[in-house]
1. Output the residues belonging to segment 411-440 that are part of a helix (DSSP H, G or I) and within 27 Å of residue 240 (Cα to Cα).
2. Condition check: in contact with a helix residue (DSSP H, G or I) (Cβ under 6 Å, 6 or more places away or on another chain) and buried (at least 20 other Cβ atoms within 10 Å of the Cβ). Does residue 289 satisfy that?
3. For residue 392, state whether it is within 25 Å of the chain's Cα centre (by Cα), assigned to a loop (DSSP other than H, G, I, E, B) and farther than 24 Å from residue 423 by Cβ.
4. Could you tell me which numbered condition residue 139 fails, if it satisfies all but one of (1) more than 30 Å from residue 293 (Cα to Cα); (2) at pLDDT below 90; (3) in contact with a helix residue (DSSP H, G or I) (Cβ under 9 Å, 6 or more places away or on another chain)?
5. For residue 296, all conditions in the list (1) in contact (Cβ under 8 Å) with a residue 40 or more places away in the chain; (2) assigned to a strand (DSSP E or B); (3) within 27 Å of residue 435 (Cα to Cα) hold save one; what is the number of the exception?
6. Quickly run through segment 341-368 and pick out the residues that are loosely packed, with under 14 Cβ neighbours inside 10 Å and at pLDDT below 90.
7. Can you pull out every residue in segment 477-496 that is part of a strand (DSSP E or B) and within 16 Å of residue 460 (Cα to Cα)?
8. Condition first: at pLDDT 90 or above, surrounded by 18 or more Cβ atoms within 10 Å (Cβ to Cβ) and either in contact with a strand residue (DSSP E or B) (Cβ under 7 Å, 6 or more places away or on another chain) or over 28 Å from residue 39 (Cα atoms) (or both). Can you find one or more residues in segment 169-183 that meet it?
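The values are calculated or read from the model by the stated rules, or taken from the named source; none is laboratory data. In this text, all values refer to a predicted model and were calculated from it rather than measured experimentally. We place every Cβ from the backbone using ideal geometry, glycine too, and count neighbours over all the protein chains shown.
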């Protein structure tokens with residue numbers, strides 16, 4: 001094995017009942033590289049990372065780390081070997097301090113009684129934070145930190161093990177652009193210090209901006225590993241999905257109809273200030289802006305999830321009072337929220353139960369749920385939306401991100417929602433599933449429905465929306481026609 005190779009995977013396979021998660025996966029990761037790992041949901045990325053970190057054991061194959069065969073049996077053992085994972089869902093103890101989290105389970109002790117040496121632990125924590133240019137107080141409680149700051153604590157925790165390999169699992173999913181730039185700077189700094197990074201992301205622009213090499217997995221198999229400079233976006237996507245995507249943003253031009261929803265002078269404390277907009281039948285109306293601009297707050301105010309301090313709503317020209325979610329459902333408004341797992345689904349319940357949540361009255365007889373009717377309704381939407389699930393009885397937490405998103409949509413279609421608000425509709429969804437979600441949006445507006453689409457991904461907003469409103473500091477600062485939309489113009493309005 002070359003001295004330049006830190007990690008060498010040979011013939012890794014892993015099966016679960018009825019599923020071949022990984023099949024004969026082999027590739028190498030060079031020392032000091034930022035190595036991207038990409039693939040659609042279900043490609044095997046998570047399973048592979050869990051094998052490297054000791055959560056799972058491979059059925060067959062070998063893992064070489066620094067030239068030696070390793071058989072990692074636990075995450076702690078992986079960390080002691082020099083392999084650490086920074087998960088998308090931060091795994092810190094919220095009620096403990098930064099220093100306590102960095103050295104969790106390994107406090108610095110001294111004396112015969114092995115008492116915690118707080119001075120030493122704080123000093124070491126400060127040095128680790130300094131090494132990544134993180135200006136955090138080691139005594140602050142973690143729950144007070146932002147997501148980006150928590151990631152820095154996770155990185156410092158990994159460095160406290162002298163990790164040679166840090167695996168970043170979808171680190172950008174909940175970061176602002178400014179926070180993402182800071183993360184990139186830190187990863188590049190770690191690379192200069194000789195730390196190797198495996199970087200997992202669905203965002204193609206991040207791969208080309210950050211990575212040295214990229215490995216593509218598809219259906220549990222290794223497709224290719226190559227230098228990022230030797231591949232373009234179109235080719236990489238084709239390798240991921242196994243086919244060529246004709247159009248990444250399959251927008252259809254639908255005749256725009258009469259006003260469906262009119263928002264007039266809506267305000268909510270300091271987060272929304274005198275906002276007015278109109279959504280027409282057949283229209284995808286984009287809401288752009290930086291994180292914190294008030295986009296999600298606007299969606300929740302329209303939907304009745306948050307109380308408004310002023311303003312009016314009109315549906316088909318008639319004023320309506322929507323002060324709660326029940327009223328929104330009654331007036332055929334549906335919200336596909338930013339955090340589908342926390343706010344859009346009950347993960348431990350079946351696909352069937354999740355589909356019927358908003359319209360439970362439709363499947364009830366004499367105040368009892370009619371299981372046959374509920375199952376029939378779920379089957380209808382599983383077929384209509386092409387939700388990939390073995391059965392409508394399967395727990396929704398076992399589905400991929402794209403299929404979970406479809407279940408949230410099915411819930412609102414089951415109550416005949418005409419106004420659909422999508423907040424970050426493709427967050428955490430692979431490139432193939434994204435195209436399918438886009439086609440669903442087009443089919444919805446073709447039926448005469450209206451869609452409000454909130455997204456932090458400007459190419460998505462530009463590619464899919466008929467018209468774009470830009471927000472900043474709780475206000476609408478600009479309106480951009482589809483024909484005039486550019487990232488530069490949207491960003492200009494977003495920073496006014």
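1. The answer is 431, 432, 433, 434, 435, 436, 437, 438, 439, 440.
2. Considered against the rule, which asks whether it is in contact with a helix residue (DSSP H, G or I) (Cβ under 6 Å, 6 or more places away or on another chain) and buried (at least 20 other Cβ atoms within 10 Å of the Cβ), residue 289 comes out as yes.
3. Yes, satisfied.
4. Status for residue 139: all satisfied but (2).
5. Going through (1) in contact (Cβ under 8 Å) with a residue 40 or more places away in the chain; (2) assigned to a strand (DSSP E or B); (3) within 27 Å of residue 435 (Cα to Cα) one by one, residue 296 breaks only (2).
6. 342, 360, 361, 365, 366, 367, 368
7. Initially, segment 477-496 is screened for residues part of a strand (DSSP E or B), giving 477-481.
Across segment 477-496, the qualifying residues are 480, 481.
8. If we filter segment 169-183 for residues that are at pLDDT 90 or above, which is where we start, we get none.
No, that holds for no residue.
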